[in-house]
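Trainee: Would you mind keeping the following structure in view while I ask a few things?
Derivation of every value follows stated rules applied to the coordinates shown; laboratory data play no part. The structure displayed is predicted, hence computed values, not measured ones. FYI the Cβ positions are ideal-geometry reconstructions off the backbone, even for glycines, and counts take in every protein chain you see.
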Amino acid sequence: MNPVDKALDFFKDHQSKMTEDYLDILRIPSISTSSEHKADVLRTAEFLSDYLQSIGCERTEIFATPLHPIVYAEKKASVPNAKTLLVYGHYDVQPVDPLEEWKSDPFQPEFRGDHLYARGASDMKGQVMATIFALESVIKTSQLPINVKFILEGEEEIGSPSLESFIQEHKDLLACDIILNPDAGMVGKEQPTLVYGLRGLSYFEVRIDGPKADLHSGLWGGNVANPANVLAQIISKLHNEDGSVAIPGFYDRIPELTQEERARIASNPTSDEEILEITGSPLLYGEKGFSPLERQGARPTLDVNGIYSGFIGEGAKTIIPAYAKAKISCRLVPNQDAMEIYELAKEYILSIAPPTVKTEVFLHSAGTAYLADDAPGVQNLVDALTAVWNKPVVYKREGGSIPVATVMQRELGVKSLLTGFGLPDDAIHSPNEHLNFPILVKGIQALIHFYLSFGEN
C-alpha cells in the first residue's frame, strides 16, 4: 500500500477520536478580545501544544506575549535535506454577541445534518485541527518527507498585535521554504479554492465633537451643530453616484485590470444569485464597470463599519448628542499604499467638515495588498486538492485581508499558500457559525496528499 493510502486509512480509522478532540477545543471560549477569557485563550494554547507533542513533534513551546501566547511546534522529516513547511493558524475566536440569536450554545458544539455549529468551527479552529490531524495521519503511517513547523497565535481576531515582532525576533526559528495558511476558504462545496490575492486595509475612525455635553434638542436645536447630522453629511460625500470612492487620489496608483486577469476572476463560478442568497441582500451594489467578483477582490472599497452617537436605547430621548463617531475601512488592491490612503482620506474628510464642530481622524490599522500565485509549493497544493475533489481548483482574489501573509513575505522571504475548507455561508464572526463537516473531512484528506507530495519530487 502506498504512503497516501496508508495515511488515509489511518485517518478513517481514527476519525471518531479526532472529531472528539476537535469538539473539545471548540468547547473552550478562547475570545481574545475579552479579558474575562484570558485564561481560556491560554488553555487553548496548552491544548494545542499538548496535542502536537502527543502526535510526535520533537519540540513544542508556548511563547508568552504581552497579551496572548503563541504556540510553536516542529516535526523533523524522516529523510535528509528535506524542505521545511511552516503552517500558520490562529486559535482565538470572535465574541458571540448577540448571544440571543444563537440557536445553540456557541461553545457546546452541535451537529445538525452535515453542519457543525460552534464559535470557531470554521474560523479557524477547524482549519487548524485539519492541518494537525493530517500530519498525525502521515506521521503514524509513513516517513514524513518534509520538515513541518507550526506557528499558532491567539490574537488574530484583535489584529495580531504581538505577531509581527515575534516573527522579527524568531526568524531563524521560523525559517522555511513553504508557508501554508489555511485561513481562507472555498467558493463552493465542489470548488476547491486557492486564494492568490488579498486586499490590503486602511482602518480609521472619524470623531465629531460638538457641545460639551448632550443638549436638550428643543432648547438648543437650530443654534448648535448636531454632530450626528454632520457625520451623516460627511459619510454621504465619501462615494460618488456611480459607487466609486470620492476621495481625491484614491485610484491614482491602480493599474487597469488586464483581460487575462479578468478572465481568471471570471473562472470563479459564483453567480450573482448565489451572492444574493449568501448575503440576504435584495440587490447587488457597487462600482459601475466591474463585475461583482472583480469588485470583491480586485477593486478597492470604502465602508462604514460602525456608527455611534447620542441615544440609541429603547424609547425616546430628545437630545443633541455631544459627539458622533464612525469606524471606516478601506480595502485596498496592489499598488495602493495603506498609509497614503489614510492620509488622503483624512485630508478629504477634514476638508469637508464644517467649522461648527471639532473633527478628528485617527488610524487604527494598516496593511498592504498581496499577490501570490507563484508561492512555493503551489502545484503540490493544487494537485492535492484536485486529487480529493476530482475538480479543477478555482483561483480567487479574496476580498478580505490576512496581514500575516505580507508580514511573513517581508520578514521570512516566502510567500504563503492560502486555502481553507470553510464556505461563504459559514456565518463566521456572526451568530450560528458553522462548518460543513464532510468538507472538512475532504480537506484533511487533501492535506494528507499535500504533506506526502514532497516525497514525490
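Trainee: Quick one: if you stick a label point 7 Å off each Cα along the C-beta vector at Ser271 and Asp337, how many nm between them?
Mentor: 4.5
Trainee: I need the peptides 88-96, 75-83, 230-238 ranked by packing, meaning the mean over residues of other C-beta atoms within 10 angstrom, with the highest value on top.
Mentor: Per-residue mean Cβ counts within 10 Å order the peptides as 88-96, 230-238, 75-83.
Trainee: So, one more: If you take every DSSP beta bridge whose two residues both sit in the chain, what share of them, in percent to the nearest 5, is antiparallel?
Mentor: So the antiparallel bridges in the chain amount to around 70 percent.
Trainee: Another question about this same structure. Taking all pairs of distinct Cα atoms, average 1/r, flip it, and tell me the Kirkwood hydrodynamic radius of segment 294-365 in Å to one decimal place.
Mentor: One over the average 1/r among Cα pairs gives 14.7 Å for segment 294-365.
Trainee: Below 8 Å, C-alpha to C-alpha, sequence gap of six or more: please give me the relative contact order for segment 319-457 in percent.
Mentor: 24
Trainee: Going by how many other beta carbons lie within 10 Å of each one, how would you line up His170, His429, fewest first?
Mentor: With the sparsest Cβ surroundings first, the list reads His429, His170.
Trainee: From zero outward in steps of 10 Å, how is the percent of C-alpha pairs of segment 192-245 spread across the bins?
Mentor: For segment 192-245, the pair-distance distribution reads 16, 31, 24, 17, 7, 5, 0.
Trainee: For Lys6, Lys415, what ranking results if the residue with the fewest other Cβ atoms within 10 Å of its Cβ goes first?
Mentor: Lys6, Lys415
Trainee: For segment 1-119, what proportion of DSSP beta bridges, expressed in % and rounded to the nearest 5, is antiparallel?
Mentor: Of all bridge pairs located within segment 1-119, approximately 90 percent are antiparallel.
Trainee: Still on this structure, please answer the following. Would you please name the GluC sites (Glu not before Pro) within segment 20-107 that are DSSP coil residues with at most 15 other C-beta atoms within 10 Å of their C-beta?
Mentor: Answer by residue number: Glu58.
Trainee: Now a separate question. Scale the Cα Rg of segment 220-303 by the rule-of-thumb value 2.2 N^0.38 Å and send over the ratio, two decimals.
Mentor: 1.47
Trainee: Here is a further query. Once you've got the Cα coordinates, tell me which of Lys212/Lys237; Lys391/Lys415; Lys189/Lys391; Lys189/Lys415; Lys83/Lys149; Lys237/Lys317 are over 21 Å apart.
Mentor: The answer is Lys212/Lys237; Lys391/Lys415; Lys189/Lys415; Lys237/Lys317.
Trainee: Once the principal axes of the Cα atoms of segment 115-205 are found, what is the range along each, listed largest first in whole angstroms?
Mentor: Extents along the principal axes: 53, 39, 26 Å.
Trainee: Taking the alpha-carbon set of segment 98-140, what are its Rg and Dmax in Å?
Mentor: 13.3, 43
Trainee: Follow-up question, since we're still on this one. In the structure displayed, which of Lys38/Lys327; Lys171/Lys442; Lys140/Lys442; Lys140/Lys171 lie more than 24 Å apart, Cα to Cα?
Mentor: Correct reply: Lys38/Lys327; Lys171/Lys442; Lys140/Lys171.
Trainee: Here is a follow-up. Convert each backbone phi in segment 381-392 into a coupling constant with the Karplus relation 6.51 cos²θ - 1.76 cosθ + 1.60 (shift: θ = phi - 60°), then list the ³J(HN,Hα) values in order as whole Hz, x for Gly and Pro.
Mentor: 5, 4, 5, 5, 5, 5, 4, 8, 8, 6, 9, x
Trainee: Which Cα, out of Gln233, Tyr395, His449, lies furthest along the positive dipole direction of the chain (beta carbon charges, K/R +1, D/E -1)?
Mentor: Result: Gln233.
Trainee: Moving on to the next point. What do you get for Rg/Rh of the chain when both radii come from the Cα atoms and Rh is the Kirkwood radius?
Mentor: 1.00
Trainee: If you take the C-alpha gyration tensor of segment 218-363, multiply each eigenvalue by 5 and take the square root, what semi-axes do you get, largest first, in whole Å?
Mentor: Semi-axes from the Cα gyration tensor: 35, 20, 11 Å.
Trainee: Counting other C-beta atoms within 10 Å, which of Lys189, Lys317 has the fewest, and how do the rest follow?
Mentor: Lys317, Lys189
Trainee: Another question, then. Let me know the shape class of segment 367-425, please: from the alpha-carbon gyration tensor, a ≥ b ≥ c as square roots of the eigenvalues, rounded when a/c is under 1.5, otherwise prolate if a/b is greater than b/c, or oblate.
Mentor: Taking the square roots of the gyration eigenvalues as a ≥ b ≥ c, segment 367-425 is oblate.
Trainee: Mean residue ellipticity at 222 nm from the helices of the chain, using -39,500 (n - 2.57) per DSSP H segment of n ≥ 4 over the full residue count, to the nearest 500 deg cm²/dmol?
Mentor: -10500 deg cm²/dmol
Trainee: Okay, moving on. Tell me, what HN-Hα J-couplings in whole Hz come from the Karplus equation 6.51 cos²θ - 1.76 cosθ + 1.60 at θ = phi - 60° for each residue of segment 435-449, using x for Gly and Pro?
Mentor: 9, 6, 5, x, 5, 4, 4, 5, x, 4, 4, 5, 5, 4, 4
Trainee: Find how many whole Å separate the alpha carbon centroid of segment 103-144 from the alpha carbon centroid of segment 1-59.
Mentor: Cα centroid to Cα centroid, the span is 8 Å.
Trainee: For Ile312 and Asp383 in one chain, what is 0.36 nm times their gap in residues minus the Cα-Cα distance, to one decimal in nm?
Mentor: Difference between extended and current length: 20.3 nm.
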